[in-house]
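Data block below; observations after.
The values are calculated or read from the model by the stated rules, or taken from the named source; none is laboratory data. Just so you know, these numbers come straight off a predicted model, no measurement behind them. Cβ atoms come from the backbone with ideal geometry, glycine included; neighbour counts cover every protein chain shown. Heavy atoms of the whole protein, side chains included, go into the accessibility calculation; ligands, DNA and RNA do not. Shrake-Rupley method; radii C 1.70, N 1.55, O 1.52, S 1.80 Å.
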Amino acid sequence: MNGEMVSWSGATIHVSAHTLHYGSGVFEGLRCYETRAGASVFRLSEHIDRLFASAEAYGMKIPYSKNELADAICETVRQNGFTSCYVRPLCFYGSAGLAVHPRNCPIEVVVLAWPWGAYLGEDSLERGVRVTVSSYAKFHSRMLPTTAKGCGGYLNSMLAVREAGSSGYDEALLLDEAGNIAEGSGENLFLVRDGRLLTNDERSSILLGITRDSVITLARDLGYEVEIGNLTLEDLVSADEAFFTGTAVEVTPIRELDGKRIGQGKRGPVTERIQRAFLSAVSGQDKRYSAWLEPVARQPVAVGM
Ligand SMILES: Cc1ncc(COP(=O)(O)O)c(C=O)c1O
């Protein structure tokens with residue numbers, strides 16, 4: 001926390017912190033996996049780059065270098081002795097007045113880490129999840145920078161996922177302003193049609209997921225064509241398979257949309273193959289992707305400036 005290692009219970013801030021009132025922070029979510037080289041952070045430099053890009057989008061100057069933050073992430077995992085865990089760096093405005101303009105508010109930086117299993121439930125990776133289309137639209141880039149991971153943007157996600165949960169669904173799917181599919185409340189979407197993968201991009205107001213990028217590479221290396229363009233609800237309902245990607249959900253099959261079965265209504269063979277390839281990559285078993293893994297035991301970390 002701001003350069004110091006503090007206990008979970010000691011990691012507190014004042015109630016007048018600007019970000020607590022206005023959602024004016026930026027954050028990242030990373031996973032650290034158990035590998036032969038010990039606990040290793042998946043795509044550390046890409047997450048750090050995105051954190052700095054998110055901060056820039058909100059005019060926030062992070063008072064540490066990328067290398068310092070990378071070291072802090074590895075050190076937090078190391079000192080906790082985790083073999084696998086989730087890591088959450090957060091940059092926020094602290095206390096110095098509650099005008100909406102955060103002038104004079106200090107920029108505080110914290111890194112949290114804790115063990116976190118399957119985000120959408122223990123059997124979600126195998127059985128798949130049930131999804132509903134949200135009545136809330138995904139915010140457009142004229143409202144907030146959609147490719148930045150800003151705290152306040154997650155109010156949009158929270159409303160959608162609570163609405164989905166209260167109707168008995170596992171997750172919400174948000175449409176963009178034009179009525180095309182954007183993404184889940186915290187995940188990107190892939191469809192499988194005739195052995196090809198389809199996914200959308202920033203033109204559909206999505207966060208450009210690092211898992212999405214990894215899956216595009218893995219799929220192409222497996223010989224699948226990956227097409228990038230708009231996705232409609234009709235595309236989803238008529239798809240052979242569909243799955244979510246994200247750091248939290250990894251690769252999670254979608255088995256139903258608003259009561260309609262997707263494909264066979266269970267995890268499909270292409271999804272399973274992608275899941276297996278993803279698991280081999282994150283666990284360091286597939287050496288082709290070892291550059292995606294940063295062992296926390298390695299010192300110092302170099303991620304570039
Ligand atoms: C809204 C949203 N979309 C997509 C993603 C997936 O991004 P990533 O794969 O980088 O975790 C996330 C998670 O960070 C998210 O919150």
Subject >> Apportionment of accessible area to carbon and sulfur, the chain, percent (1.4 Å) >> reply: 51 percent
Original post:
Quick one: if you take sqrt(5λ) for each eigenvalue of the C-alpha gyration tensor of the chain, what semi-axes come out, biggest first, whole angstrom?
Top reply: 31, 24, 17
**OP:** Let me have the 222 nm mean residue ellipticity of the chain computed from DSSP H runs of 4+ only, each contributing -39500 (n - 2.57), with the sum over all residues rounded to the nearest 500.
**Re:** -8000 deg cm²/dmol
Subject >> Degrees separating the helix 44-57 axis from the principal Cα axis of the chain, which is the longest one >> reply: 70 degrees
Subject >> Charge context of SER54, other residues only, Cβ under 15 angstrom, K/R +1, D/E -1 >> reply: 0
Original post:
Roughly how many whole Å is it from the C-alpha centroid of the range 102-128 to that of the range 29-52?
Top reply: 13 Å
Original post:
To the nearest µm²/s, what D does Stokes-Einstein give for the range 217-294 at 37 °C and 0.692 mPa s, using the Kirkwood radius over alpha carbon pairs as Rh?
Top reply: 238 µm²/s
**OP:** Could you provide, to the nearest whole Å², the per residue accessible area of the chain with probe 1.4 Å?
**Re:** 46 Å²
**OP:** Sort ARG50, ARG273, ARG261 by accessible area with a 1.4 Å probe, largest first.
**Re:** ARG261, ARG273, ARG50
Original post:
How far, in degrees from 0 to 90, does helix 66-80 lean away from the longest principal axis of the Cα atoms of the chain, to the nearest 10?
Top reply: 80 degrees
Original post:
Across 5 Å bins from the origin, how do the percents of Cα pairs in the range 166-305 run, short distances first?
Top reply: 2, 10, 19, 22, 20, 12, 8, 5, 3, 1, 0
Subject >> Cα long-axis angle, helix 210-221 against the chain (0 to 90 degrees, to the nearest 10) >> reply: 40 degrees
**OP:** Sketch the reach of a paramagnetic label on ALA37 as a point 7 Å from Cα along Cα-to-Cβ, and name the residues of the range 58-87 whose backbone nitrogen lies under 19 Å away.
**Re:** 67-79, 81-87
Original post:
Which whole-number percent gives the relative contact order of the chain, counting Cα pairs below 8 Å spaced six or more residues apart?
Top reply: 22 percent
